[in-house]
Amino acid sequence: MAYYFYLKAFHVIFVITWFAGLFYIPRLFVYQIEAFHKPSPDKEILGKQLKLMAKRLWFIITWPSAILALLFGLILFYLNPALLNQDWMQVKLVFVGVLIIYHLLTHVYFKHLQNDLVTVTSSFMRLWNEGATFILFAVVFLVILKNAINWIWGIIGIIVLGILIMLGYKVYKNIRAKNPDA
């Protein structure tokens, strides 16, 4: 069953590329939202280029990676169904479900911005960008430690991570307020 590890490697590779897309697409959304509020012709030139970049990232990297990561994950479960009985895997699957919802909601933002419909602020999108980070932390720690029982430390870790991200965001916002080119 040596091919099992090849399949597992492909699963991990596509999880990484899926997250890469999920980390970068909200960043492009921030730029699209900010470009939308610029005067002409900057608005049109930047908007067109950013839409193209987002479309390529979303449909050439992010969506295919999501589908392939999930497909390889399902194949791994088929080959090793005992994984489904492990507590840490059940918790991981909850986070995978949250990741899929995050992905689908990000797709809604993608569609809106492709149609020049700006429904959120660039500040919101900067915070939205951190959603994938929380999920990644949770999944990596579950996979490496294989411990779904110790919720106290997990919750404390996620809270600390959230506080650090919010503090970092506040510092960055203050720097941008003082120097818009930062």
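Across the chain, how large is the tail of the calculated P(r) beyond 31 Å, expressed as a percent of all Cα pairs?
Tail of P(r) above 31 Å: 27 percent of Cα pairs.
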Would you tally the net charge around LYS170, using a Cβ to Cβ cut-off of less than 12 Å, leaving LYS170 out, and scoring K and R as +1, D and E as -1? +3
Using alpha carbon centroids, what distance separates the range 48-100 and the range 123-140, in Å? 15
When the helices in the chain are scored as -39500 (n - 2.57) per DSSP H run of 4 or longer and the sum is shared across all residues, what 222 nm value do you end up with, to the nearest 500 deg cm²/dmol? -27500 deg cm²/dmol
Would you please give the FRET efficiency between ASN147 and SER40, computed as 1/(1 + (r/R0)^6) with r the Cβ-Cβ distance and R0 = 45 Å, to the nearest 0.05? 0.20
Folded to 0 to 90 degrees: helix 42-56 orientation relative to the chain principal axis, Cα: 10
Would you mind checking the tilt of helix 131-145 against the longest principal axis of the Cα atoms of the chain, expressed as 0 to 90 degrees and rounded to 10? 20
Summing +1 for each Lys or Arg and -1 for each Asp or Glu, what net charge is found among the other residues whose Cβ lies under 15 Å from the Cβ of PHE77? +2
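Only the coordinates and a few stated rules stand behind these numbers; no lab work does. Every value quoted in this text rests on a predicted model; they were computed, and no experiment measured them. Using ideal geometry, Cβ is built from the backbone for each residue, glycine included, and neighbour counts are taken over all protein chains shown.
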